[in-house]
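J.: Structure incoming, see below.
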Amino acid sequence: MEKPAASTEPLGPRPTLGRESVQVPDDQDFRSFRSECEAEVGWNLTYSKAGVSVWVQAVEMDRTLHKIKCRMECCDVPAETLYDVLHDIEYRKKWDSNVIETFDIARLTVNADVGYYSWRCPKPLKNRDVITLRSWLPMGADYIIMNYSVKHPKYPPRKDLVRAVSIQTGYLIQSTGPKSCVITYLAQVDPKGSLPKWVVNKSSQFLAPKAMKKMYKACIKYPEWKQKHQPHFKPWLHPEQSPLPSLALSELSVQHADSLENIDESAVTESREERAGGAGGEGSDDDTSLT
């Protein structure tokens, strides 16, 4: 595999508020992300049940930013299957009931691309979208996928969505056996708005665990689904298969959070259907779409 571009930025999680230039993460960045996924100091456990744990951490420099970390033990799911599920954009459209629209835009290197993702938020909040530089790296029997927000000249913020900022988001998949693994999801996102406390609480207590469980169900069904849908097409493993156009890093720029409009939704109350566990950011447990 082609080695990711080297970085001139300081050691540590590079996708931070101080980032000034767009760079493809290097080996140090992947190691740093892994260390943060495994760290325990400073994290508050908010949920632990049935093999799923959730921690939250308020970012001191800006109390509107919150980090969330979710970890799930996956029995009967090999690490490589989970890695494929997270990469397979066509399959995501089947199992991720929060997605509004998602597509890859361009290829940067053999292990980095740029993509678009928009998702439903709990009603009555406005829905969000992001443009991210995503990179991935197999590390022995383990895998990392991570992203941060960038600006693409052809995809400016839309009027019907709030453009959020991924400061650092990603997955660490660790193999625990031939048919088992543990996944850690780590996210630091600026939602571009003052969110009500019920949203923050609901995300850690309900939405995040439910999303992890839905992902697990999708992994169980993926091998059968993939056999019917281009079974040999996996450009994340075989970059020569990628149909994406190439894009130079110079075409992208850093998406600074302070350059986007803030939406004050702090006074928004939870809708009745949300309280009842209905739609709008939670998704259904119906798995019939995965066939």
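J.: Among the listed pairs LYS159/LYS234; LYS179/LYS226; LYS123/LYS226; LYS123/LYS159, which are separated by more than 26 Å between their Cα atoms?
T.: On the way: LYS159/LYS234 34 Å; LYS179/LYS226 18 Å; LYS123/LYS226 33 Å; LYS123/LYS159 18 Å.
Exceeds cut-off: LYS159/LYS234; LYS123/LYS226.
J.: Check the straight Cα-Cα distances from LYS49 and name the lysines below 16 Å, setting aside those fewer than 8 residues away within the same chain.
T.: LYS69, LYS202, LYS210, LYS213, LYS214
J.: Hey, can you find the accessible area per residue of segment 100-153 for me, probe 1.4 Å, expressed in square angstrom?
T.: I get 32 Å² per residue for this part.
J.: Taking amide H positions as placed 1.01 Å from N in the peptide plane, with prolines and chain starts having none, which residues 5 or more places from VAL165, or on another chain, fall under 5 Å of its amide H?
T.: Residues meeting the criterion, in which the H sits 1.01 Å from N, are ASP190, LYS192.
J.: Counting only protein heavy atoms and using a 1.4 Å probe, what share of the accessible area of segment 75-125 belongs to carbon plus sulfur, as a whole percent?
T.: 47 percent
J.: Based on the mean of other beta carbon atoms within 10 Å per residue, what is the order of 141-147, 154-160, most packed first?
T.: 141-147, 154-160
J.: Please say if segment 77-135 is rounded, prolate or oblate, where rounded means a/c under 1.5 for a ≥ b ≥ c the square roots of the C-alpha gyration tensor eigenvalues, and otherwise the choice is prolate for a/b larger than b/c and oblate otherwise?
T.: Here segment 77-135 falls in the oblate category.
J.: Leaving ligands, DNA and RNA out of it, work out the accessible area of HIS66 with a 1.4 Å probe and give it in Å² to the nearest 10.
T.: Counting only protein heavy atoms, HIS66 exposes about 80 Å² to solvent.
J.: What order do you get for 96-103, 246-253, 219-226 when each peptide is scored by the mean count of other beta carbon atoms within 10 Å, highest first?
T.: Answer by packing, highest mean first, reads 219-226, 96-103, 246-253.
The values are calculated or read from the model by the stated rules, or taken from the named source; none is laboratory data. Computed from a prediction, not measured in an experiment: that's the story for all the values here. Note that each Cβ is placed from the backbone with ideal geometry, even for glycine, and that neighbours are counted across all protein chains shown. For the accessible areas, the whole protein counts, side chains as well, though only heavy atoms, and no ligand, DNA or RNA atoms are used. Shrake-Rupley method; radii C 1.70, N 1.55, O 1.52, S 1.80 Å.
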